[in-house]
Structure formats: C-alpha cells, structure tokens
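A quick write-up on the structure given underneath.
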Amino acid sequence: MLDDSAALVGCPSREDADKLGGRFLGTVDGVFLVSVPSNPAAAPADGDALVAGTGYNATAQISCSGYKGAAAGMCDAGVIRSGETGGITVEVKLADGTQRVIFFNPDGSFLSFSTAEADGTAAMAISSQKKGDITTAKIGTETYEIPDAFVMGG
C-alpha cells in the first residue's frame, strides 16, 4: 500500500528497483514500481545520526535551477541514508513548496527521481553526470548539483 509516508518510484530494471530497499509493487509498461518510505522514524542501522527535529541525516543547500523556468539558485535539501543495504534519498524543497525526491544507490551513484503522471514528471527525461565530487541530476529542464559529501556523509 502506498501512502503519504512513501514515494512511488519507477525504475528501468528489477535490479535498480531492488537497490532502493523498498517494497516492489509490480511492473507497468516495462517500468518496475517500488514503494520507498520517505521519512524513517529512527536512525538507520549504521548509526548515522539525525538532524534534530527532522528525519534527515543531514541538511544543506544545493545548487538548483530550471523549475518552472527558475534561474540558478540554492534550494534547501535533506538526505536520508538507509545504510549499506539500502538506498539514499535526497529531498529537495523548491521555492513554491514542491518537493523533488532524488534516489541514489548505496554506493552514492545516481539512481533516479521520484516521478508522477499527475504532475507531468513521469514524462520528463532523466539523466545524470558525475564530475569530480558533484553529481548533476536532471529531470526535464531542472538541474540539481549534489555533492558526494552530502549524499554519503563524512
């Protein structure tokens, strides 16, 4: 069951879906669907501490641009690290309160974005590029620059 405490994620393969550590829901038109908890109640098993008053292991501002034509700027973000066996979730808060959820593999490599038919993101192209210690993740015209240190921790 999917509720407001989980994100529905579409992955290109079952292997990618399994890496998220969520509950596999099925396949639709070749997309593997997974329900991924978006706000764990406690710190992950690896002992990564939480930022006081949040469900995040770290918070920061990251470079973002392109949402509804926005120029480059900084967006508030939080990261949830699920330990060595689970994935890593970066939640980015946009100027109008919209949230983008970006998924990374346990090794810190980019996996995907959370998308939905309802807001049109399911039809947007998704890509990423790694340069130095920054992953540039793109969905449609939106660009997010995410440092490895934020994704993986210190």
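Rule-based calculations on the coordinates, nothing more; no lab input. Because the structure is a prediction, the values reported are computed rather than measured. Cβ coordinates were reconstructed from backbone atoms using ideal geometry, including for glycine residues, and neighbour counts include every protein chain displayed.
In nm, give the distance between the simple-model label positions of Gln99 and Ala49, each being 7 Å from the Cα along the Cα-to-Cβ direction. Taking the simple label geometry, Gln99 and Ala49 are separated by 2.4 nm.
Taking only C-alpha pairs under 8 Å that are 6+ residues apart, what is the relative contact order of segment 49-152 in percent? Relative contact order comes out at 22 percent. In plain terms, the residue of Glu145, Glu91 with the fewest other Cβ atoms within 10 Å comes first and the most crowded comes last, giving Glu145, Glu91. Here the 3J(HN,Hα) profile of segment 120-135, calculated from phi with Karplus coefficients 6.51, -1.76 and 1.60 at θ = phi - 60°, is x, 5, 5, 8, 7, 5, 10, 8, 8, 9, 10, 9, x, 9, 10, 9 Hz, Gly and Pro shown as x.
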